[in-house]
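Here's the structure we're looking at; comments come further down.
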Amino acid sequence: MEFTEDKINTLTGVLKKAGLLSVDLIYRINYKLLFGSNLYYRHRISSFRSCVFCRNLNYDKTIKKYVCSYKEYEASSSLVPCIIPDSYSKLVKTYSEEAFQVPWLFKNPCLNFDVLEPKHYYRNFLSLNMSSSIIKLETLEGILTGKCYGEIPCHICALVNKDAYTGCRYASRAKETGRCSIIYDNLKEYYTNNDSSVTNVS
């Protein structure tokens, strides 16, 4: 069955009205079937490579971080630049942030890069913790498309570097522009120029 936006929106709309799906689950379904599949093929055509889409990157449940099986980089829990709720704290709502590390999305892939197949392309972004998954997927969508939930994701740049955000020529008219065409390049440049704290252990 071919998945079209109209078919998926109709199906999820019916299930939502019936109270069978949460908003987060609907987003996750739409993401994988629409945005996710489109992004995968766009990446294949453009030969886009990133550690977050490499089959050698896996989540280690013991240390609660993503680990490269070839040990090109030190383990890190940050796939994309965002603050993720700490699901391991049962009593206190805390947040973990690896502010001084380059997220896996912006690390330079090594010669061992091996792209994940389509059905597992977002493997590293999906987990039983729905809120954590959605935050990471929304951040990825914002960075790679310049738009998330119809808004320009200026909050991502502001989170990464306040000066970069306040100095951005698009920030003041974000709602008018409709899509940010420079967010990935700007963040990539920022992390490339500020990666002295990141250890490459190869």
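Read the figures in this text as sums done on the coordinates, not as results from a lab. Values in this document were obtained by computation on a predicted structure and should not be read as measured data. Every residue, glycine as well, gets a Cβ built from its backbone with ideal geometry; the counts of neighbours run over all protein chains shown.
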Take the cross-link list 107/147; 64/119; 107/175; 64/188; 71/147; 65/188 and give me the ones stretching past 27 Å between alpha-carbons. 107/175; 71/147
Going by average Cβ density within 10 Å per residue, which order do the peptides 124-134, 55-65 take, highest to lowest? 124-134, 55-65
So for R0 = 45 Å, FRET eff. of residue 120-residue 192 from the Cβ-Cβ r, to 0.05, ends up at 0.95
Given the Cα-Cα distance of residue 175 and residue 42 and 0.36 nm per residue of separation, how much length would full extension add, in nm? 45.3 nm
Quickly work out the residue 75-to-residue 162 label distance, labels modelled 7 Å from Cα along the C-beta direction, and quote it in nm with one decimal. 3.3
³J(HN,Hα), Karplus 6.51/-1.76/1.60, whole Hz, each residue of region 151-165, x for Gly, Pro: 10, 6, x, 4, 4, 5, 4, 5, 5, 6, 7, 4, 5, 5, 5
Once phi is turned into θ = phi - 60°, what whole-Hz ³J(HN,Hα) does the Karplus curve with 6.51, -1.76 and 1.60 give for every residue of region 56-68, x standing for Gly and Pro? 8, 9, 9, 8, 9, 5, 6, 9, 6, 9, 8, 10, 7
